[in-house]
Each structure stands twice: as structure tokens, then as C-alpha cells.
Amino acid sequence: MDLSFPDLEGPVAQRGIGIIAPFDLALERELWRWAPLDVSLHLARTPYEPVPVSLEMAELVSDAAHLTAATHNVLHVEPEVVAYLCTSGSFIKGLAYEKSLRDTICRAGAQDAVTTSGALLEAIRHLDLTRISVLTPYDEILTHRLHEFLAEAGCSVVRSDHLGLGGGIWKVSYRTIAERIVGADDPEAQAVFVSCTNLPTYDVIEPLEKALGKPVLTANQLTMWACLGRMKLPMMGPGKWLLNVF
């Protein structure tokens, strides 16, 4: 049997992104939709915690020991950057805490590190935003922590809405999400930020940006954008205001 295949080449050289996700992440498929063909995502999860989505949960899933262990779990496949894929876990204690999470991941051996809230700050700076609207799936307490985080970064929240969910966030329909984004928008807002990496948003971004005439920034979108930017690669998918920033 002739096993020579002179006309075949490959596989395509793989470049990796390590993803540290909270235990309840259900949207891996959405993450892959942002990635170019030659990029592979390598996921590790924080340990299960029997609590609803809340301030308590955000604190538990951002524990430095958990991030260190999860980073170690993805290092063997040599990711170029490791992302902490959690908005609330990276904004709950302000800017210094967000930086400490990136430092923890790098101390654990990552070449570079991103957090979802840190990616939001990068987008705010790149797009020169000072006033945004916010939609979250959280309760009022956790949503207010996001407001405080943004205020510390010099960006004011001109209007905000929250869904008040304690779980099952990935099950929210596109129709509900789109309607609530439109409701959260304000003429004074330069962009709308949709928080939570477990809230599906991929297919609503482009039509809403056309309808609202401004950026609709979402958690998974921004995390992938920040990772791919460090790799000097283009982001796939919707988000025309971000596509050519790097």
C-alpha cells in the first residue's frame, strides 16, 4: 500500500489562546466563532461552586489559586496568551484587582495575559469612549460594581439595565437580549457594553450596530479581540469599530 501523499501539506500551523473560564461557561462555541482558522482555544475551568451568579460567585471564580492552577493546565500546549474569561470576576474589586489577576496568570507561566474587564478598558481607550450604556444579566449589586469599575477608569455610565439572573444566563434569547440592549441605549452614550461571557451576543452585534449607529461591545468579543490583537491577528466576526484597531 502506497502511503505517500505528495500533494498534501499541513496541518495548518496552530497558534493557541489559553482560556480560563468560570465553571458555568456554556458558550465555548461562541468563542470559536471569533477565532481565525489557525487559532486554537484551550480551555480550563475554575472549580465548581454551589452558589448563584452573584458578588460571592464573582469572588470565588477569581481566586488567585484557581487562576494559577488553571493557567498551569493550559501551558503545556504553549498558548501565546492566556485569557481570564469572566467580566464580573475581573471588575469586582477595581482596576488594581484586574491587574493583579493578569499578574497572577503571568507569574504562573503565561507569556501574556488578558482579562475580560481589562479588554473592555483597552477598547474604551482605543475608541476614546467616555460615556457608555451598560446591559448586564446580573443583579443590581453586581451591576453597580461594574459602574464603579468604569468610573475608576474615567468612563461614565449614562444608562444601565440588568436582567437580575442568578443562573442559566446562556439560555436568554437573542430577541430578549436585543430588546434590552436597545432599551439600555441612550443618545448620550458613545457605545453600549453588554457584560458577561455567558450571555450570547454574536449574532445580534452587527444588526444592532447598524440600528444604533454606534459600537455594541460584548464580553466574549472584547476578550477575543484583545487576545488576537496581542497575536497581531484579525478578529473574525462582527464588530466593525474594532476590526481594524490593532
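The values are calculated or read from the model by the stated rules, or taken from the named source; none is laboratory data. Computed from a prediction, not measured in an experiment: that's the story for all the values here. As a convention, Cβ positions derive from the backbone with ideal geometry for all residues, glycine included, and neighbour counts pool all protein chains shown. Note: areas computed on protein heavy atoms with side chains; ligands, DNA, RNA excluded. Shrake-Rupley method; radii C 1.70, N 1.55, O 1.52, S 1.80 Å.
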Exercise. Within the group K214, K210, which residue is more than 18 Å from I124 (Cβ to Cβ) and open to solvent by 10 Å² or more (accessible area, probe 1.4 Å)?
Worked result: K210
Exercise. Within region 46-59, is even one residue touching a strand residue (DSSP E or B) at 6+ places or on another chain (Cβ under 9 Å), surrounded by fewer than 18 Cβ atoms within 10 Å (Cβ to Cβ) and either touching a residue at least 40 places away in the same chain (Cβ under 8 Å) or in the same structural domain as A113 (by the TED database) (or both)?
Worked result: no
Problem set entry | Matching residues, region 143-191, being hydroxyl-bearing (S, T, Y) and either crowded, with 17+ Cβ neighbours inside 10 Å or at pLDDT below 95 (or both) | T143, S160
Seminar exercise, completed: Expected single match for closer than 28 Å to K240 by Cα, of a type in the set (K, R), open to solvent by 20 Å² or more (accessible area, probe 1.4 Å) and out of contact with any strand residue (DSSP E or B) (no Cβ under 9 Å at 6 or more places or on another chain) among R33, R107 is R33
For this session: For residues that are touching a residue at least 24 places away in the same chain (Cβ under 8 Å) and among the β-branched types (V, I, T), scanning just region 144-185, find the one that is nearest to L212 (Cα to Cα).
Result: V182
Exercise. Does any residue in region 219-245 that is open to solvent by less than 10 Å² (accessible area, probe 1.4 Å) come within less than 6 Å, Cβ to Cβ, of a residue that is outside any loop (DSSP other than H, G, I, E, B) and aromatic (F, W, Y) six or more places away or on a different chain, and which pairs are these?
Worked result: L242/W225
Problem set entry | Qualifying residue in region 18-39 (condition: among the β-branched types (V, I, T) and under 24 Å from A151 (Cβ atoms)) | no
Problem set entry | For V192: the one exception among (1) touching a strand residue (DSSP E or B) at 6+ places or on another chain (Cβ under 9 Å); (2) under 20 Å from A83 (Cβ atoms) | (2)
Exercise. Of all residues in region 47-86, how many are among the small types (G, A, S) and within 30 Å of K232 (Cβ to Cβ)?
Worked result: 5
